[in-house]
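The values are calculated or read from the model by the stated rules, or taken from the named source; none is laboratory data. Not measured: the values here are computed from a predicted model. Note: ideal-geometry Cβ built from the backbone for every residue, glycine included; neighbour counts use all protein chains shown.
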Amino acid sequence: MADELEAIKRKIDIVEFISEYVPLKKAGRNFKALCPFHSEKTPSFVVSPERQIWHCFGSCGTGGDIFGFLMRIENIEFGEALRTLAKRAGVKLSRYQPSESEKQKQLLYEINHLAAEYYHYVLLEHPAGKQGLDYIRKRGIKPDSLERFEIGFAPENWDNLQKFLVGKKGYSAQNLEKAGLVVARDKGYYDRFRGRVMFSLKDHRGSICGFAGRVINGSLPADRQAKYINTPETLVYHKSDLLYGLSEVKEEIKKTDRIILVEGELDMISSYQAGVKNVVAIKGSALTANQIQRLAYLTKNIVFALDADLAGDQAARRGIEMADQAGMSINVVEIKEGKDPDEVAQKKPLLWQKLVKKAVPIYDYFLDVAFAKYDSRAAEGKRKIGREIIPILAKISDEILQSYYAQLLAEKLAVPVDAVMAEIEKREEKKEAYSEQNWTSEAKTRREILEEHLLGLALQAEKWSFLRKREVLNLIKTPRFTRILEHLGKYLKSNKILKSERLAKMLAPELVPSFNQFYLLDLADLIQDEQKFQREWEKTLNQLEEFNLKEDLRELAVQIKTLEKKGRLTAKETTRLDKFDEEFRNLSQKL
């Protein structure tokens, strides 16, 4: 198993792989970026091509290898990451045994995939799908979109899907229930989706995790009055994570560096057909933290094009607030000549393209809506506009942007900007900037920081011989660092050139993370210039020596104080005290 893991790491360059998710920039021997796992304005995410590892030196403090990165960024288990990377590297896995959870997920994906094929076949090839196909055609959905998005139809009967998946394919009804495709009743199961156009819901990797069924017949029984029915939460389907169409349009989003958010599947497909292809649907107006995190890997530019009135929709407002706190640039499409993106894109595709291009900044939109609603010349109108806009401005995380809109609001209301800022300051304190989770790095002592810095300088500058000097060895006290230096000494006795991967294999597993850290430190400016390196090296040596002297002085002071407290001393104790005093004077003078 270990051999297979190493083979995968050798065949996949970590810098190239992570660059598919995060825009990396060269920084000396390493690469840097804004951390994808928490919100930050200064890059603290470092990738070491030499060690094939990554680490965040910011608030989340996490790190690892290529497997750990994929697991974290895709929120998947080790087994799934292993299979994904093995396939990419062309490495055949012979020893890996998936966990029960992984097996169950794989089973649900298989069932959903076959269900999608069944629904798609019924829509296009079976007489039972004619009413669904007629509806889809009336809605302007083109044949290539039916294929691209795997649209289907669930027949009216109570158990058609079960006859296919249980009767012909051999899956159990219990597993269909776990996939959310059937509902249990006293005498068995019935199909959850009946008489509905079926939209396959895929995760960002393209795996079908669930379905949305849209009603096409107005005279349905009471249990099917809802326009849409979605798969319930399952082991693989989580509504808060899903963005409809994302797997199909990821490359379009990267290419345009912009994403258009719409509400429903038909809005998304119609927009795609109209030439605005960097579009996904968020299943209603509420944009979740998980969805924001997923989009942030692809772009920092979001455009809302929702049916809802964004100014009055609290769920939409919460999503906008989180996107702002995640550092997103947010615009909004003002939908004209139609009730929703689907209608505009179907009837006037060129107009839809134009409206998207002319999307306005979200806070301009909020101001326009409020000033259109109330009379800004009247005192009461000014008060109502303020009550509507001030809470929104108070949530803006960027102080410059907040200040700009405060001034703009003051000008439009013809009031002093100080009055607007005073009202903003009255609001509750801004929420902590959005992040996936607030992790804290394990605290390091001042000594550890200095020693790590010194060792990192020598190793990154390839001056490993510096670490064999007695003056350096005497300064390093942290046990794990001294053990690494012992192995380095042994290595250099038989090797003239240091290969970090060879030395790493000599280390005990608990020492490898510390060794990796030496290569992740941001020391590019210091090691590329010899003079800078020498100055930094001497400065760090001096700081460490000073630290050691102060530590020795503190220990001597305690021993001197202990002896002095005793009062009458024996001759031996008096000699010891004199010796301690002399050492203290010498160390003080040296310091």
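Structure above, values below:
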{"read-out": "Ile396 being within 30 Å of Asn75 (Cα to Cα), modelled with pLDDT of 85 or more and among the aliphatic types (A, V, I, L, M)", "value": "yes"}
{"read-out": "In region 339-349, residue surrounded by the fewest Cβ atoms within 10 Å (Cβ to Cβ) [restricted to those that are free of Cβ contacts under 8 Å to residues at least 40 places away in the same chain and more than 18 Å from Ser285 (Cα to Cα)]", "value": "Lys347"}
{"read-out": "So Ala184, is it crowded, with 23+ Cβ neighbours inside 10 Å and either closer than 18 Å to Leu235 by Cα or at pLDDT 95 or above (or both)", "value": "no"}
{"read-out": "Which listed residue, of Leu306, Leu261, Leu310, is touching a Lys or Arg at 6+ places or on another chain (Cβ under 8 Å), not assigned by TED's automatic domain parsing to the domain that holds Phe199 and not polar (S, T, N, Q)", "value": "Leu310"}
{"read-out": "Residue check for Glu564: in the same structural domain as Leu467 (by TED's automatic domain parsing), modelled with pLDDT of 70 or more and charged (D, E, K, R)", "value": "no"}
{"read-out": "Members of region 19-58 that are more than 23 Å from Gln528 (Cα to Cα) and outside any loop (DSSP other than H, G, I, E, B)", "value": "Ser19, His38"}
{"read-out": "Among (1) in the same structural domain as Lys9 (by TED's automatic domain parsing); (2) in contact with a strand residue (DSSP E or B) (Cβ under 7 Å, 6 or more places away or on another chain); (3) not basic (Lys, Arg), the one test that Ala81 misses", "value": "(2)"}
{"read-out": "Looking only at region 40-51, and only at residues there that are in contact with a helix residue (DSSP H, G or I) (Cβ under 8 Å, 6 or more places away or on another chain) and either surrounded by fewer than 21 Cβ atoms within 10 Å (Cβ to Cβ) or among the aromatic types (Phe, Trp, Tyr) (or both), the one that is nearest to Tyr297 (Cα to Cα)", "value": "Pro49"}
{"read-out": "Contacts under 6 angstrom Cβ, first residue in region 146-157 being in the same structural domain as Glu117 (by TED's automatic domain parsing), partner part of a loop (DSSP other than H, G, I, E, B), 6 or more apart", "value": "Ala154/Phe193; Ala154/Arg194; Glu156/Arg194; Glu156/Gly195"}
{"read-out": "Qualifying residue in region 408-417 (condition: in the same structural domain as Glu334 (by TED's automatic domain parsing) and at positive phi)", "value": "yes"}
{"read-out": "Positions within region 350-361 being closer than 24 Å to Lys283 by Cβ and aliphatic (A, V, I, L, M), in sequence order", "value": "Leu355, Val356, Ala359"}
{"read-out": "Helices (runs of 4 or more DSSP H) wholly inside region 445-523 containing at least 3 residues that are among the charged types (D, E, K, R), over 17 Å from His55 (Cα atoms) and out of contact with any strand residue (DSSP E or B) (no Cβ under 6 Å at 6 or more places or on another chain)", "value": "446-460, 479-494, 500-506"}
{"read-out": "Options Lys532, Lys539, Lys572: the member that is basic (Lys, Arg), more than 30 Å from Leu24 (Cα to Cα) and modelled with pLDDT of 85 or more", "value": "Lys539"}
{"read-out": "Counted residues, region 8-39 - those being surrounded by 19 or more Cβ atoms within 10 Å (Cβ to Cβ) and among the polar types (S, T, N, Q)", "value": "2"}
{"read-out": "Selected residue (only one of Lys105, Lys41, Lys130 is charged (D, E, K, R), over 24 Å from Ile12 (Cα atoms) and in contact with an Asp or Glu (Cβ under 8 Å, 6 or more places away or on another chain))", "value": "Lys105"}
{"read-out": "Close pairs from region 510-538: first without any contact (Cβ under 8 Å) to a residue 24 or more places away in the chain and within 22 Å of Lys32 (Cα to Cα), partner in a helix (DSSP H, G or I) and of a type in the set (Gly, Ala, Ser), Cβ under 9 Å, at least 6 apart", "value": "Val512/Ala504"}
{"read-out": "Meets criteria (surrounded by fewer than 21 Cβ atoms within 10 Å (Cβ to Cβ) and within 20 Å of the chain's Cα centre (by Cα)) for Lys277", "value": "no"}
{"read-out": "Test: Val236 is touching a strand residue (DSSP E or B) at 6+ places or on another chain (Cβ under 7 Å), in contact (Cβ under 8 Å) with a residue 24 or more places away in the chain and assigned to a loop (DSSP other than H, G, I, E, B)", "value": "yes"}
{"read-out": "Region 49-74 residues that are in the same structural domain as Ile8 (by TED's automatic domain parsing), paired with ones that are hydrophobic (A, V, I, L, M, F, W, C) and in a strand (DSSP E or B) (beta carbon under 6 Å, 6 or more apart)", "value": "Trp54/Val47; His55/Val46; Cys56/Phe45; Thr62/Cys56; Gly63/Trp54; Asp65/Ile53; Phe69/Trp54"}
{"read-out": "Criterion: in contact (Cβ under 8 Å) with a residue 12 or more places away in the chain, crowded, with 16+ Cβ neighbours inside 10 Å and at positive phi - qualifying residue of Gly132, Gly79, Gly90, Gly140", "value": "Gly140"}
{"read-out": "Any hit, region 196-211, residues being surrounded by fewer than 16 Cβ atoms within 10 Å (Cβ to Cβ), of a type in the set (Asp, Glu) and either under 38 Å from the mean Cα position of the chain (by Cα) or outside the structural domain of Val280 (by TED's automatic domain parsing) (or both)", "value": "no"}
